[in-house]
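The values are calculated or read from the model by the stated rules, or taken from the named source; none is laboratory data. Every value quoted in this text rests on a predicted model; they were computed, and no experiment measured them. Note that we place each Cβ from the backbone using ideal geometry, even for glycine, and neighbour counts take in every protein chain shown. Areas reflect the complete protein model, heavy atoms only, side chains present, ligands, DNA and RNA absent. Shrake-Rupley method; radii C 1.70, N 1.55, O 1.52, S 1.80 Å.
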Amino acid sequence: MRNRILALILILALAALPTVTQELGEASLLALATRILIYGMAAASLNFILGYGGMVSFGHAAFFGIGAYVVGILATHHASGEPLFGFIPGTDQMLLTLPLAVLVAGLFAAAIGALSLRTGGVQFIMITLAFAQMLFFLFVSLKAYGGEDGIIIRRTNALPGLNMRDKATFYYVVLAISVLFFYGLRRLTQSSFGTVISGIRQNERRMAALGIPAYRYKLYAFVLSGMGAGLAGALMANFLRFASPDMMHWTKSGELMIMVILGGVGTLFGPFLGAAAFLILETFLAAWSEHWPFALGLILLVVVLGTRGGLAALLQRVTALVRGGVK
């Protein structure tokens, strides 16, 4: 009950953010909050296979970029009036582009996971990285869709009855999707499927001895994780009105990994905290010095070594101390 109350307070605070930023005259804070929500979903998707399933994927940005490109490609063909592959019409309707982005990202995740999950350890890391880089160079070579310059999306995808050009409206849409996403992720991790995935992470051989097909369950988890990243990528393309191969570069995968580690591996809201900390630090450190990655690296070391579990663990310890002091 206490966790539900805290979650409700957080949602209400986030819902009040557009009003607060408007009163303060800080529109950039609303844009930052939107990015945090989107990257929080992408990092949580990675954390599902990393923290719960023990699968260290270093190519997860591929699915993030695929989701963005689905939106960009459909918008391009909608503007030109020329069907994709000669029979798939373009569209700028979010009710179509988001599910399609999730579906296409899931199909790519199924293909990549089916091959990558036949290995493990360092080999799995390198194969996921290799697939991501292959997709990166593939989209760089697609001159019809901007090549390395990417795709400019003329306007944010439309939703019936809503003015999606309004930043506050788009923020509320992202917030609603984020709430549903984290609720679904919570149910998933607490389900029997989530228990099996955690069991495979702890001892795959023992789970196989119990008759559980570990490979199949890991593939399902990998696909679901890729679909979550594709959803985040589609929202980011709508937010930026732009999609580029840089969204699936290995450095983007590294950023998602940092968010997970910074927030807390294997925790539900840790990736969200990590995304918030990473983007806030990036924003303010970049304004302070062009060498901000060095300072960010030092802060990351302090958090990882000092908190022993990321920001989520630190928050739990602080909460426990406060409760103890109240008592």
Straight-line reach check, residue 218, cutoff 19 Å on alpha carbons, 8 or more apart in-chain or any other chain, hits among aspartates and glutamates -> 204
Connecting every pair of Cα atoms under 10 Å apart in the chain and solving the GNM, the largest mean-square fluctuation among 314, 162, 300 falls on 162
Packing-ranked peptide list from 255-261, 165-171, highest mean Cβ count within 10 angstrom first, is 255-261, 165-171
Expressed in nanometres to one decimal, the distance between label points 7 Å along Cα→Cβ at residue 186 and residue 215 is 3.6 nm
A chain fully extended from residue 305 to residue 85 at 0.36 nm per residue, minus the present Cα-Cα distance, gains in nm 74.1 nm
Relative to the compact-globule estimate 2.2 N^0.38 Å (N residues), the Cα gyration radius of the chain stands at a ratio of 1.01
To the nearest 0.05, the calculated FRET efficiency linking residue 126 and residue 246 through their beta-carbon distance, R0 being 22 Å, is 0.55
Once Lys and Arg are counted +1 and Asp and Glu -1 for all other residues with Cβ under 12 Å from that of residue 262, the total becomes -2
Quick calc, residue 193 & residue 27: beta-carbon distance into FRET formula, R0 45 Å, rounding 0.05, result 0.65
Once the in-chain neighbours fewer than 8 apart are removed, the aspartates and glutamates whose Cα is under 16 Å from residue 252 read 148, 282
Residues whose built amide H sits under 5 Å from the amide H of residue 93, excluding neighbours closer than 5 in sequence, are 158
Expected max-MSF residue from 211, 53, 150 in the GNM of the chain (alpha carbon, under 10 Å) is 211
Listed residues 18, 89, 245; largest mean-square fluctuation, Gaussian network over the chain with Cα springs below 10 Å, found at 89
Magnitude of the Cβ-charge dipole (Lys and Arg +1, Asp and Glu -1) of the stretch 1-160 about the Cα centre, nearest 20 debye, reported as 380 debye
Taking a probe of 1.4 Å and leaving out DNA, RNA and ligands, the stretch 72-194 shows per residue an accessible area in Å² of 55 Å²
Nearest-0.05 FRET efficiency for residue 110 and residue 179 at R0 = 22 Å, using Cβ-Cβ distance, is 0.20
Extension length gain for residue 118 and residue 284 (0.36 nm per residue less Cα distance), in nm, is 55.5 nm
Taking Cα pairs closer than 8 Å and at least 6 residues apart, the relative contact order of the stretch 59-166 in percent is 33 percent
Taking 195, 251, 156 and ranking on accessible area (1.4 Å, protein atoms only), highest first, one gets 195, 251, 156
